[in-house]
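Enquirer: Pasting a structure here, questions to come.
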Amino acid sequence: MSPSAAGKEDVMIVKTVPIRTDHTQVTLTTYFQDHSPELGENRKRPVVLICPGGGYGFLSDREAEPVALRMCGMGFHACVLRYSIAPQTFPTALWELASSVAWLREHAQEYHIDEKKIVVCGFSAGAHLAGSIGVFWNRDFLAELTGFSAEQMRPDRLILCYPVITSGKYAHMGSFENLLGKDCGDEQKREFVSLEKQVTSDMPKTFLWHTFADGAVPVENSLLLTEAMRKAGVPFELHIFPDGEHGLSLADEQTDNGTGEQIRPECAVWPALAADWIKRD
C-alpha cells in the first residue's frame, strides 16, 4: 500500500442497498472502486448495472457477481440487481430497475460515477428487463408508478446478452409466462412487453451479442430488436457468434457450470468488446 493510501481499509466499496416498491424489497449490491488521489482527483468511472437471467423464475449466480468483478477489472464500477421474479409480475421488476438507475444518478457524485455512462447490462430474461428500461424509461406509466422523473430513470447505454425480446414467433414463452402470470393469455399485454414493438428514437445506444446456435432463445430475438432500432435510428453494435449454447455468461472457466459446455473462447471476447464500446464517446 502506498503512503497516500495509508489508513484506507477498502479498495472496493461493496454494500447492499435496499430497493423498495410499495410491495417488494430487493437488493442492489455495489462493487464501486474506491476513490484514490493516485488515480486522479476528479476521475469518474462508468457503472455497469447487471441484471442476471433466469427466465423471470430464478436469478443466475453465474450472470451476477462474476460479471460484476470482470467489469471492475476493466476499470468500471459495477452493481448487481437481485430483482423480483415470479410470482411477482410486470411491471414490478421494471419498477425496481428504474429505482436502481435513479439511485445511481442520485449518488453519482458520492461514488465518482460518470453520470453520462450509466450502463444497464442484462442476460437472457435479465436482458429483457434491461431492454424494458431502455424502451420504457420516458413513458408516463413508469413515472406515475415510481415517482421518479424520466431523466432520473434514463439509462445511458444498454448491454443485452442473448436477450429475450419478442413474445411472438421466436418467443421464450417461459419467460413471458413468469413475467405476466395469469395475464400471459392476453394478447395485448404480451405485445406490450414484446420489446421490438416498443422501440422509439429515445432508446439508448445498445451493445448486443447472441449465438447462432442458441436453442433456448433464438438469435431472431436480437435480430428483431436491431431491425426495429435501425428503423428508429438508434445506434447499436451486434455480435453473432456461430456456436455456443444459451446462458454462456462470460463464456470461460470462471462461469462454466462444470460441464465445459459453457467455455467458448470465441464468445469470451464479448466483455472486452463491450468495454471498448463503453469507453467510446
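Since every read-out is calculated from the coordinates, none of them should be taken as a lab result. Only a predicted model underlies this, so the values are computations on that prediction, with no experimental measurement involved. Every residue, glycine among them, receives a Cβ derived from its backbone with ideal geometry; neighbour counts consider all protein chains shown.
Enquirer: Filtering the stretch 219-228 down to residues that are assigned to a helix (DSSP H, G or I) and among the hydrophobic types (A, V, I, L, M, F, W, C), which residue is nearest to Pro265 (Cα to Cα)? Break it down into steps so the answer makes sense when it comes.
Expert: First, the residues of the stretch 219-228 that are assigned to a helix (DSSP H, G or I): 220-228.
Next cut, among the hydrophobic types (A, V, I, L, M, F, W, C) only: 223-225, 228.
Numbers: Leu223: 23, Leu224: 26, Leu225: 26, Ala228: 30 Å.
Only one residue fits best here, namely Leu223.
Enquirer: In the stretch 132-217, which helices (runs of 4 or more DSSP H) lie fully inside it and hold 2 or more residues that are touching a Phe, Trp or Tyr at 6+ places or on another chain (Cβ under 7 Å) and surrounded by 17 or more Cβ atoms within 10 Å (Cβ to Cβ)? Outline the logic, then answer.
Expert: On the way: elements: 140-146, 150-153, 173-180, 187-192.
Because the criterion is at least 2 residues that are touching a Phe, Trp or Tyr at 6+ places or on another chain (Cβ under 7 Å) and surrounded by 17 or more Cβ atoms within 10 Å (Cβ to Cβ), the helices (runs of 4 or more DSSP H) in the stretch 132-217 that meet it are 140-146, 173-180.
Enquirer: Shifting gears a bit: State yes or no: is Gly260 part of a loop (DSSP other than H, G, I, E, B), of a type outside the set (S, T, N, Q), on the phi > 0 side of the Ramachandran plot and surrounded by fewer than 21 Cβ atoms within 10 Å (Cβ to Cβ)?
Expert: Working: part of a loop (DSSP other than H, G, I, E, B): yes; of a type outside the set (S, T, N, Q): yes; on the phi > 0 side of the Ramachandran plot: yes; surrounded by fewer than 21 Cβ atoms within 10 Å (Cβ to Cβ): yes.
So Gly260 passes the test.
Enquirer: Taking the stretch 71-120 on its own, how many of its residues are of a type outside the set (A, V, I, L, M), assigned to a helix (DSSP H, G or I) and over 19 Å from Trp137 (Cα atoms)?
Expert: Here is the first cut: in the stretch 71-120, the ones of a type outside the set (A, V, I, L, M) are 72-73, 75-77, 79, 82-84, 87-92, 95-96, 99-100, 103, 105-107, 109-112, 114-117.
Filter once more, so that each one left must be assigned to a helix (DSSP H, G or I): 72-73, 92, 95-96, 99-100, 103, 105-106.
From what's left, over 19 Å from Trp137 (Cα atoms): 72-73.
Selection size over the stretch 71-120: 2.
Enquirer: Could you pull out the residue among Glu96, Glu63 that is farther than 24 Å from Ala275 by Cβ and of a type in the set (Asp, Glu)? Outline the logic, then answer.
Expert: Values: Glu63 fails: farther than 24 Å from Ala275 by Cβ.
Just a single option satisfies the conditions, and that option is Glu96.
Enquirer: Within the set of pairs 6+ apart or on separate chains, which have a first residue in the stretch 219-232 that is touching a residue at least 60 places away in the same chain (Cβ under 8 Å) and farther than 14 Å from Asp202 by Cβ, a second that is β-branched (Val, Ile, Thr) and buried (at least 18 other Cβ atoms within 10 Å of the Cβ), and C-beta atoms under 6 Å apart?
Expert: These pairs meet every condition: Leu225/Ile165.
Enquirer: Could you tell me whether any residue of the stretch 261-275 is of a type in the set (Val, Ile, Thr) and under 19 Å from Ile50 (Cα atoms)? Can you show your working first?
Expert: Filtering the stretch 261-275 for residues of a type in the set (Val, Ile, Thr) gives 263, 269.
With under 19 Å from Ile50 (Cα atoms) added as a condition, the list becomes 269.
Yes, the stretch 261-275 has at least one match.
Enquirer: Taking Ala68 as meeting all but one of (1) in a loop (DSSP other than H, G, I, E, B); (2) surrounded by 20 or more Cβ atoms within 10 Å (Cβ to Cβ), write down the number of the exception.
Expert: Failing condition for Ala68: (1).
Enquirer: State all residues of the stretch 10-58 that are in a loop (DSSP other than H, G, I, E, B) and touching a strand residue (DSSP E or B) at 6+ places or on another chain (Cβ under 8 Å); if no residue qualifies, say none. Please lay out each step first, then the result.
Expert: Going residue by residue through the stretch 10-58, those that are in a loop (DSSP other than H, G, I, E, B) are 10-11, 21-24, 34-36, 40-44, 52-58.
Scanning the stretch 10-58 gives Val11, Asp34, Lys44, Pro52, Gly53.
Enquirer: A follow-up question, please. For the stretch 229-257, which residues satisfy the criterion of being more than 21 Å from the chain's Cα centre (by Cα), part of a loop (DSSP other than H, G, I, E, B) and under 25 Å from Asp156 (Cα atoms)?
Expert: Result: Gly233, single match.
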